[in-house]
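Down below is the structure, laid out as structure tokens.
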Amino acid sequence: MSTNLRLALWDHITRRLNLSAQLKLILLTIANYLEPNSAHSRVTLALLSRDSNLEPQDLQPLLLGLEARDLVRKVTVHPEGGGPTIALYSLSPNLLRTVQNGH
């Protein structure tokens, strides 16, 4: 299921979403990290930066825009044993539902 979903996401993101190339790149990067046999992906800002070749400070406003459009969800994780919190980004349930329903 994950491979088919990933392909459907790539098709939907590249052909149907009216977004800038940078925003599509972020969505495609997150989609590329879907877990096997599920629709879950949790991608750190550092990983997005590495794979998109965009600096974290440039990514943050883009991610806020994607969150505002309900295309990306951000979850903040508190590591065991303390330390700084980590922001993880995933595709929104709304986007996943849209793609899974074939729209």
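Selection of segment 44-61 for residues being in a loop (DSSP other than H, G, I, E, B), surrounded by 12 or more Cβ atoms within 10 Å (Cβ to Cβ) and among the polar types (S, T, N, Q) yields an empty set.
I need every pair where a residue in segment 43-56 that is in contact (Cβ under 8 Å) with a residue 40 or more places away in the chain has its Cβ under 9 Å from the Cβ of a residue that is among the charged types (D, E, K, R), sequence separation at least 6 or different chains. Partner pairs satisfying both residue conditions: 43/51. All conditions in (1) surrounded by fewer than 13 Cβ atoms within 10 Å (Cβ to Cβ); (2) in contact with a His (Cβ under 6 Å, 6 or more places away or on another chain) hold for residue 94, with the sole exception of (2).
When the residues of segment 41-93 are filtered to those that are of a type in the set (Gly, Ala, Ser) and closer than 22 Å to residue 5 by Cα, which remaining residue is farthest from the chain's Cα centre (by Cα)?
If we filter segment 41-93 for residues that are of a type in the set (Gly, Ala, Ser), which is where we start, we get 41, 46, 49, 52, 65, 68, 81-83, 87, 90, 92.
Those left that are additionally closer than 22 Å to residue 5 by Cα: 41, 52, 90, 92.
Numbers: 41: 7, 52: 12, 90: 4, 92: 8 Å.
Here the residue is 52.
Each value in this text was obtained by applying a stated rule to the coordinates, not by laboratory testing. Computed from a predicted model, the values in this text were never measured in an experiment. All Cβ positions, glycine included, derive from the backbone under ideal geometry; neighbour counts span all protein chains shown.
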